[in-house]
1. Any chance region 40-49 includes a residue that's of a type in the set (Phe, Trp, Tyr), at pLDDT below 85 and open to solvent by less than 10 Å² (accessible area, probe 1.4 Å)?
2. Can you confirm whether region 153-175 contains a residue that is of a type in the set (Lys, Arg), at pLDDT below 95 and at positive phi?
3. For region 72-84, indicate whether the set of residues that are at pLDDT 90 or above, charged (D, E, K, R) and surrounded by 18 or more Cβ atoms within 10 Å (Cβ to Cβ) is non-empty.
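The values are calculated or read from the model by the stated rules, or taken from the named source; none is laboratory data. Everything quoted here is computed from the prediction, not taken from an experiment. Here the Cβ positions follow ideal geometry from the backbone for every residue, glycine too, while neighbour counts run over all protein chains shown. Note: areas computed on protein heavy atoms with side chains; ligands, DNA, RNA excluded. Shrake-Rupley method; radii C 1.70, N 1.55, O 1.52, S 1.80 Å.
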Amino acid sequence: MRFFGRKGIAGIRFRGSLADGDGDTEPVSHRMTLELARAKTFAAMLAHSRASRTIEVTDLLAGMYICNWDRLSQYWEEEDREEVENWLRGICRISPQRWHYWMEFYDHERHSAPLFRLWRTLRRQKAEPPNEAALKPSDALAAVLKQAEILAPFRDRMEGQAIPILTSECVLLCIARSHGSEVSQRLAQMGLDTTKLELGALFPRRGPLT
């Protein structure tokens, strides 16, 4: 797996609610909190690293883990968290040693350093210019985000309209509610507390950071 420096990130766009298949802009359908936007960037990099034209649900899950595990981990019992982490490491195809270094470095840098510094530090070799074609969410991920827009407890005003603000908890809940999907079944098997997650997603104790 290759990691990209500053130029690599600049060349990756996450397309969905902001643009149609021809690259023309559409009305914005949602905003994201700061940590979810960071997770989205990581998800795009994962998809780009395997030369995919779409970002999968598992890509975003991995990004949410990297960027917000300290909050999301509360929705699993402590004895189940190692299994969840091993599964997400498998999604990223990262060695345990590199993964631990990555997590420690990110925890230290996330409040003060631009996100591109993390990718630049962790890359193993000089980045190649990325494909300029925009990435878009898979059908499954697009459905998850659309459902999250409906459930999102927060709204922002944009051009006279109320725009939902998506949080990591709200998106995780919608992933878990994708009944019949392999990802939702795996989350259930690993002990995700959906009742507690629903309370955290729909009745948060604090407002979102955007």
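1. yes
2. no
3. no
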